[in-house]
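Notes to accompany the following structure.
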Amino acid sequence: RLVQTSTQQIVTLIEDLHWIDGGSEAFLEQWVDAVAGTPNLLLVNFRPEYRAEWIQKSWYHQLPLLPLGPEAIRELLDDLLGSDRSLEGLAETIHARTGGNPFFAEEVVQSLIESGHLAGAKGAYRLATPIERLEVPTTVQSLLAARIDRLPEREKQVLQAAAVIGKEFSEPILDQVAPLPELELAEALRALKSGEFIYEQALYPVAEYAFKHPLTQEVALNSQLRARRREIHEAVAKAIEEARADKLDENAALLAHHWGETGQTLLAARWHRRAAEWAGAHDVAEASRHWHRVRELMREVPGVPEAAELGAEACAQILNTGWRLGISEEEEAAVFTEGKRWTERSGDLEANVRLEEAYGSSRRLAGDFPTSLAHMEEAERLAQQTDNEDLRMALGWGVVYQCFNLGRLREARARLDQLIQQTREKPDLPWLYGPESLHTLCLWFRANLDFYMGDVREASSMLEQAVQRARERGELENEGWALANFSLMATLAGDVELVLPRCRRSLEIAEKIGSPFSRAWALSMLAGVLIEAGEWPEAIDVAERALQLARERRTALEGEAWHLFRLAEAHLGAGELARARSFAEESVAVGRRMGARTGECLAQRTLARVLLRQEGLAAAKAIRRALDRADTLVDETGAKNFRPLIQLERAELARLEGDSRARAHELREAHRLFSEMGATERARYVAAQLESLSA
C-alpha cells in the first residue's frame, strides 16, 4: 500500500510479513537498505515469531503492540454488546480469558452470540443463558494451532509440557517433565519468549513463566494425546510434591487438579479435601468448591472403603459452607440425605454427629428453628454414644447459639460459661465449622450476651480481648464477627466514632473471605451504627442490602427480624413513616413466627417509636400494647439492655399526654439503668432531658 504526501515523501505499508515467501523476503531486504537516508517511510507488521536480519539495522524501530487493559476491553465490549445488567462481570471474564487480545475478545463474543448465550443486536445484547465456561472459538483455535504447529519440534514439546503444568509454571518443574539438557531447555524457552508465547514473571529464587494468552495454553494443552497428558500430569504432581514439600497445603489445589487429570480419583479427592481445609480460613467459596469436588469424585468410586468416609465428610462440610454462602432448600436436603447414606455405609458415629449438627445449623440459619432444634438434639444424643469429649464440647456452641436465637439468654450464658471454662484448657480446639478456635468464638459471643443482658463495661472488655486474640491467631472470620458486635456498643452506649470504623472493617473481612452470611450480618450491624450516627440514606441502603442478601442467599435468616427492624429504624430517621411502619410490623410478625423473642422485642419497641411519630396520641393504645409486649419479652429473655430504651418511649408517650410526673419517672429509671450498665453517653443524654424537665 503506497501513500504519497504533498512533499513527495512516500509511505509504504506491508502487512503480515509472517506469511511472506522467500523471493519477496529477499526483495524486502533490499528495499530496507534502500530506504536508509531517504525521507520515505516503510511500515511493516508481523507476528512475534517472524525474524529477519534487517531487524538489527540501526534505522529500524520496533513498536510492540501491547494487549488491551481491562478498561479498554470494557470499552470494546460496551460497543459490541451494550451495558445490560445481565452482562455484569462478562468483560472482566473475557479479559482474563483472552489476555487483552482484541481479536480474541471479539471472536469470543461472536462465539457467544452464535451459541445462543447472548441475544439481541449489536450494542444491545443481553445474557440469554448462563455461561458456564468460555470456550475457545474455532477461529482463534485454528489461528493458535497454526502458530504452534509452525514451531520447531523441540519448542513445541516444551510448550505443550508447560501447558500441562498450567497458565503459570516454574523452570525447575518444567525441567522435570520436559527432560532436555539444561542448555537446550534454556534455548527453547528463549525461543518461546521471543515468539511471545510465554513471558518471564520472575527470575529469583527460580525462573517463573506465564503464557501470554490463556487461550494459547488451552490450545497447546488440547493439542496433545490424552495418554501423553496424563503422563505429564503425574510427573508434574510428583515434581510439585518433591519441590514444594514444605508448602503442600498451599499447593493442595494444584496437586488435586494434576492427580485428578491422571484418573487417580481417590488420590485427587484427598488433595481436594486438603485444599478445602487450607482455604476454609480465608476463602469460603474456594473451600466449598473443593468439598463439592470431593463429593463428585466419591460417586465415581462408591465401592472403595475410604469413599464412605470422604463422602460423609464432604456432605457435612458442604452444609457448613452452605450456610455461609447460601444454599437452596432442595440442595440442602439432597446433600443431607446423601451424607446419611454414606454414614450408614461407613458406620462412623462421629461422622453422623457432624452431619446432623451441620444440617441443624444450616436449617437454623435459614430461619427454620424447629427442624434445626430436632437435628441439634439428635447430634447431642449420638455424641453421648462416642468417647470423643472434644466433639461433645464443640456441639455445645450450636446449643448456645440456638438458645440465643430463641431468646433464652440466661440458659445461653450459663451454657457458654461452662464452655468457656472447658475451652480455656484446650485453647486450640477448633469449632465444628472451620479451623478457628472455639475459645475465641466463645469469648466474643459471651460479650454479645453481656450487651443484651445489660453489662456494657464487661462486654466491651471481653470483645477487645476476643478481637486481639483472633488477630494474634490469624482467625479472620472470628475477628470479623467480634468487630461487628461492637455495633451493640453504639446502640447502648452511643459511642459511634469508636464503633463505626470497626464495623466497616468487619464488612471488609466478610467480603474478603467471600461469606454472604458474614456479609449480611456485617451489613446489618453497620446499619445499626449508621442509624445511631443519623446517616439515614446510607443506613437505609446498607440495611436493604443486608435483608436482600439474607433472603436471596438463604443465610443469616435467623436474624431476619433484626434486619427488618433496622430498616424500620432507618426509614423512621429519614422521616419515611409509612415504610418504617411497614417494616416494623413485618419485623414483629417474623419474630413471632420464628420464636425469635429478642428480635421481636426490638421490633415492638421500634413499632412503638413509629406510631409515636406517625399517629401520636391517636395510637396510644397500640403504643402501650407494643411497649407492654416488649417489657414482657425483656422479662422472659433476660435482655435487660432493652428496658431503658423502652422506658424512653414511655417517657415520650407521657410527654404527649401531658403527664410530666410519669415522664420524669420513666426518664429517671432509664437514667439509672443506663448508668448501671455503663452506657455513659446514653445516661448523659437522659440526664440532659431530666434537667430541661426540672427547669
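The values are calculated or read from the model by the stated rules, or taken from the named source; none is laboratory data. None of the values given here were measured: they were computed from a predicted structure. Neighbour counts run over all protein chains shown; Cβ positions are idealised from the backbone, glycine included. Surface areas here come from the heavy atoms of the whole protein model, side chains and all, with no ligands, DNA or RNA. Shrake-Rupley method; radii C 1.70, N 1.55, O 1.52, S 1.80 Å.
Of note:
- Heavy-atom accessible area ranking, 1.4 Å probe, most first, across Ile10, Ile327: Ile10, Ile327
- Largest first, the residues Arg593, Arg424, Arg545 sort by 1.4 Å accessible area into Arg593, Arg424, Arg545.
- Taken over the alpha carbons of segment 507-567 as equal point scatterers, the Debye sum produces base-10 log I(q)/I(0) values at 0.18, 0.20, 0.26, 0.27 Å⁻¹ of -0.52, -0.64, -1.01, -1.06.
- Net charge of Cβ neighbours under 14 Å - reference Ala269; Lys, Arg +1; Asp, Glu -1: 0
- Inter-centroid distance (Cα atoms) of segment 632-695 relative to segment 259-283, Å: 58
- Ligands, DNA and RNA excluded, the heavy atoms of Ile148 present near 10 Å² of accessible surface to a 1.4 Å solvent probe.
- Relative contact order %, segment 432-548, counting alpha carbon pairs below 8 Å whose residues are six or more apart: 20
- q = 0.08 Å⁻¹: log10 I(q)/I(0) that the Debye formula gives for the chain, counting C-alpha atoms only: -0.79
- Segment Asp635-Glu114, extension gain: residue separation times 0.36 nm, minus the distance between their alpha carbons: 181.0 nm
- Within the accessible area of segment 378-446 (1.4 Å probe), percent carbon and sulfur: 44
- Relative contact order computed over segment 523-670 (Cα-Cα under 8 Å; 6+ residues apart), in percent: 15
- Residues Glu107, Glu497, Glu558, sorted by accessible area with the largest first, give Glu497, Glu107, Glu558 [1.4 Å probe; ligands and nucleic acids excluded].
- A Förster radius of 51 Å, combined with the Cβ-Cβ distance separating Arg154 from Glu344, puts the computed FRET efficiency at roughly 0.35.
- Sum of -39500 (n - 2.57) over DSSP H runs of 4+, divided by residues of the chain (222 nm, nearest 500): -23000 deg cm²/dmol
- Computed over the chain: relative contact order in percent, which uses C-alpha pairs under 8 Å that are six or more apart: 7
- Cβ-Cβ distance of Ala334 and Leu429, R₀ of 25 Å, FRET efficiency by 1/(1 + (r/R0)^6): the value works out to about 0.20.
- Summarised in one figure, the compactness ratio Rg/Rh of segment 308-434, Cα atoms and Kirkwood Rh, is 0.96.
- Net length gained if the chain between Glu585 and Thr38 were fully extended (0.36 nm per residue, minus Cα distance): 188.3 nm
- Computed over segment 455-494, the P(r) tail beyond 15 angstrom holds 37 percent of alpha carbon pairs.
- Note on segment 380-519: the alpha carbon radius of gyration divided by the globular reference 2.2 N^0.38 Å gives 1.05.
- Solvent-free Debye calculation, one equal scatterer per alpha-carbon of segment 70-187: log10 I(q)/I(0) at 0.11, 0.13, 0.16 Å⁻¹ equals -0.50, -0.63, -0.81.
- Segment Glu196-Ser660, length gained on full extension (0.36 nm per residue, minus Cα span): 158.6 nm
- Cβ-Cβ distance of Gln421 and Gln385, R₀ of 22 Å, FRET efficiency by 1/(1 + (r/R0)^6): the value works out to about 0.35.
- Residue-level accessible surface for Glu208, protein heavy atoms, 1.4 Å, Å²: 70
- For segment 525-562 and segment 373-401, distance of Cα centres in Å: 32
- With DNA, RNA and ligands ignored, accessible area of Trp323 (1.4 Å probe; Å², nearest 10): 10
- Taking the square roots of 5 times each eigenvalue of the Cα gyration tensor of segment 280-368, largest first, gives ellipsoid semi-axes of 20, 15, 11 Å.
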